[in-house]
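A.B. asks: Got a structure here, written out as structure tokens. Questions coming.
The values are calculated or read from the model by the stated rules, or taken from the named source; none is laboratory data. What you see is a predicted model, and the numbers here were worked out from it, not measured in a lab. These area figures cover heavy atoms from the full protein model, side chains too; ligands, DNA and RNA do not enter into them. Shrake-Rupley method; radii C 1.70, N 1.55, O 1.52, S 1.80 Å.
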Amino acid sequence: MATKVALFEKLEDKCLMCEKRFDKMNKEQVMTWSVVVRQEEETVRLYCPDCWDKAVEIVQNFKKHLEDKNKK
């Protein structure tokens, strides 16, 4: 538990990609922004909804590309 609390302290105040400001006191932002924690590396990354959606879309497109390539 102490490790998780310590990692939470590393939470940035802006999106890693676009640097949009994040307000920890804003309930909507807290509920909609994405946090990626890599406990082994002790890193915490914060993404706004727009950047998160773009990243998910890129991953899905790449996955589809690989599936299409493997079908040939």
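A.B. asks: With all protein chains present and a 1.4 Å probe, how do 69, 27, 20 order by accessible area, largest first? Kindly include the intermediate steps, with their values, before the conclusion.
C.D. replies: Working: 69 135, 27 160, 20 90 Å².
Ranked from most to least accessible, the order is 27, 69, 20.
A.B. asks: Just one of (i) 20, 49, 27, 4, 0; (ii) 20, 58, 22; (iii) 18, 38, 26, 13, 4, 0 is P(r) over Cα pairs in 10 Å bins from 0, in percent calculated from these coordinates, so which is it?
C.D. replies: Only one option fits the structure, namely (iii).
A.B. asks: Another question, if that's okay. Leaving out ligands and nucleic acids, note down the accessible area per residue over segment 4-72 with a 1.4 angstrom probe, in whole Å².
C.D. replies: 86 Å²
A.B. asks: Cα-Cα over 25 Å: which of 20/64; 14/54; 24/54; 14/64?
C.D. replies: Over 25 Å apart, Cα to Cα: 20/64; 14/64.
A.B. asks: With contacts defined as alpha carbon pairs under 8 Å and 6 or more residues apart, what's the relative contact order of the chain in percent? Write out the running numbers ahead of the final one.
C.D. replies: Details: 64 pairs, mean separation 20.0, N = 72.
For the chain, the relative contact order is 28 percent.
A.B. asks: While we're looking at this one, here's another question. Give the angle, between 0 and 90 degrees and rounded to the nearest 10, that separates the Cα long axis of helix 49-71 from the longest principal axis of the Cα atoms of the chain.
C.D. replies: Helix 49-71 sits at roughly 30 degrees to that axis.
A.B. asks: Let me ask something else. To the nearest 500 deg cm²/dmol, what mean residue ellipticity at 222 nm is calculated for the chain from DSSP H runs of n ≥ 4 alone, each contributing -39,500 (n - 2.57), summed and divided by the residues?
C.D. replies: Estimated from H runs of four or more residues: -15500 deg cm²/dmol.
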